[in-house]
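Trainee: Just dropping this structure here.
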Amino acid sequence: MRHRAVLALTTLLFVLPAAASAGTVGHVRVALDSNATFPSYEQSARRHGVVILQAWQQDRMRALKQANPGLTVLVYKNLSFAAVDTSWSGFASTGVTAPEAERDDPGWFLRNSGGERFTSWSYKWLWAMDVGDPSYQRRWADNVVAELQSQGWDGVFID
């Protein structure tokens with residue numbers, strides 16, 4: 001117990017001076033839920049310095065950027081999973097989709113000790129991917145950069 005207290009105190013000593021000199025921090029709005037609301041785009045755009053949205057929320061991104069061109073709007077992308085289906089929007093919360101991985105390199109799927117592919121515990125439509133595979137990393141990055149450029153996002157929030 002004493003060791004934890006010393007560790008916590010040591011951590012505070014290193015963090016507090018840096019925080020004190022950090023300057024203005026600002027607000028971040030994470031609106032990943034499709035039901036997240038923006039009662040006023042102008043108010044949200046003024047209030048927050050950074051907003052994170054899903055890839056299919058370009059309309060919200062554009063409305064926020066119109067209200068405040070200086071606002072940074074990031075698209076959320078999951079690195080470690082591949083979405084099963086994007087047919088309803090054409091966009092995925094992942095950089096690589098499961099059908100794309102199946103078609104181009106089935107080795108990108110992680111496998112359990114029984115040799116079977118597996119999904120997320122909570123999100124059964126997300127398949128676990130091998131983020132250590134260089135070809136998977138390249139494809140993920142290429143797909144995300146292409147989407148950033150074509151849709152006008154300011155950057156990506158990688159999960």
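The values are calculated or read from the model by the stated rules, or taken from the named source; none is laboratory data. For clarity, every value in this text was computed on a predicted model and none was experimentally measured. Here the Cβ positions follow ideal geometry from the backbone for every residue, glycine too, while neighbour counts run over all protein chains shown. Heads up: the accessible areas ignore ligands, DNA and RNA and are worked out on the full protein's heavy atoms, side chains in. Shrake-Rupley method; radii C 1.70, N 1.55, O 1.52, S 1.80 Å.
Trainee: Summing Lys, Arg as +1 and Asp, Glu as -1, what charge do residues with Cβ under 12 Å from the Cβ of Pro106 carry, Pro106 excluded?
Mentor: Details: positive: Arg103, Arg111, Arg117; negative: Glu100, Glu102, Asp104, Asp105, Asp130, Asp133.
Around Pro106, the surrounding residues sum to -3.
Trainee: Using a probe of 1.4 angstrom, how much of the accessible area of segment 112-159 is carbon and sulfur, in percent? Display every interim value, and only then the final one.
Mentor: Numbers: 1690 of 3120 Å².
Of the solvent-accessible surface of segment 112-159, carbon and sulfur hold 54 percent.
Trainee: Report, by chain and number, residues whose modeled amide H sits under 5 Å from the one on Phe109, excluding near sequence neighbours (fewer than 5 apart, same chain).
Mentor: So Phe109 has HN proximity to Asp130.
Trainee: Could you grab the Rg to Rh ratio for segment 66-159? Cα atoms only, Kirkwood for Rh.
Mentor: Working: Rg = 14.4 Å, Rh = 14.1 Å.
Dividing the radius of gyration by the Kirkwood radius yields 1.02.
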